[in-house]
Amino acid sequence: MAVNDLLQNSSEKIIISISASSSDPEREHTQKAIRVIRELVSIVGKERICLALGGYVGLMRVAADTATEMGVQTIFVIPVEYEHHRFPPESIIIKTGMSFAGRNIVLVRTGHALLALGGGMGSFMEVITALEMGKPVALLIGTGSLTDRIKSIFQEGLVDERKGGRIVFIEKAEDVRKLINMIV
């Protein structure tokens, strides 16, 4: 059965946790991330998907704004350090009361899967956390970020058979379908 058929036969919303740099990325990295988000939404459908993000800064802001422009619901699972930030008015804000490391666990646990768009140590830890929880992970590579190095560690994609965590590497927007195939 095709991915589209599976998505149409279920009423459950798919929540994708987004891991992304809190810094402003290079233009090429930004454009790659936007294409991936757009492709993800086009595959799943704006009514069927919800994105969970850890903040509204840097590349996370780009992902949130792209999703919002497409009519996708966004949830922000924020650390205490971001509680003073402004968020899009149509978003759901979850104040975890935790610092970044604790927030990362809540963010990853919130989604059916993790889409890592590239980032530093926080994103690196979110990928590892998702894999440890047995969550499917898709990692955008070729971004110039620290997370690009994860491919050299987990080349085969299966991290620990006991946990079930799998990682797929995406180089172009169309590859995000691999993540959806792991969920449905």
Discussion item. Out of everything in region 147-167 that is touching a strand residue (DSSP E or B) at 6+ places or on another chain (Cβ under 7 Å) and surrounded by fewer than 17 Cβ atoms within 10 Å (Cβ to Cβ), what residue ends up being modelled with the lowest pLDDT?
Written reply: 158
Worksheet entry | Complete set of residues in region 128-146 that are farther than 21 Å from residue 39 by Cα and either among the polar types (S, T, N, Q) or buried (at least 20 other Cβ atoms within 10 Å of the Cβ) (or both) | 129, 130, 131, 145
Worksheet item: If you check residue 114 against the conditions, is it in contact with an Asp or Glu (Cβ under 9 Å, 6 or more places away or on another chain), of a type outside the set (D, E, K, R) and buried (at least 23 other Cβ atoms within 10 Å of the Cβ)?
Response: yes
Worksheet item: Which condition number does residue 135 fail, the rest of (1) over 26 Å from residue 28 (Cα atoms); (2) at pLDDT 95 or above being met?
Response: (2)
Worksheet item: Do we find a residue being in contact with a helix residue (DSSP H, G or I) (Cβ under 7 Å, 6 or more places away or on another chain), farther than 22 Å from residue 148 by Cα, surrounded by 17 or more Cβ atoms within 10 Å (Cβ to Cβ) and among the β-branched types (Val, Ile, Thr) anywhere in region 18-35?
Response: no
Worksheet item: Can you tell me which residue in region 10-31 is modelled with the highest pLDDT, limited to those that are farther than 12 Å from residue 53 by Cβ, in a loop (DSSP other than H, G, I, E, B) and of a type in the set (S, T, N, Q)?
Response: 23
Worksheet item: Is it true that some residue in region 45-62 is surrounded by fewer than 20 Cβ atoms within 10 Å (Cβ to Cβ), more than 13 Å from the chain's Cα centre (by Cα) and assigned to a helix (DSSP H, G or I)?
Response: yes
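The values are calculated or read from the model by the stated rules, or taken from the named source; none is laboratory data. Treat the numbers as computed from the prediction; the structure is a model and nothing was measured. Because the Cβ atoms are built from the backbone with ideal geometry, glycine has one as well, and the counts that use them run over all protein chains shown.
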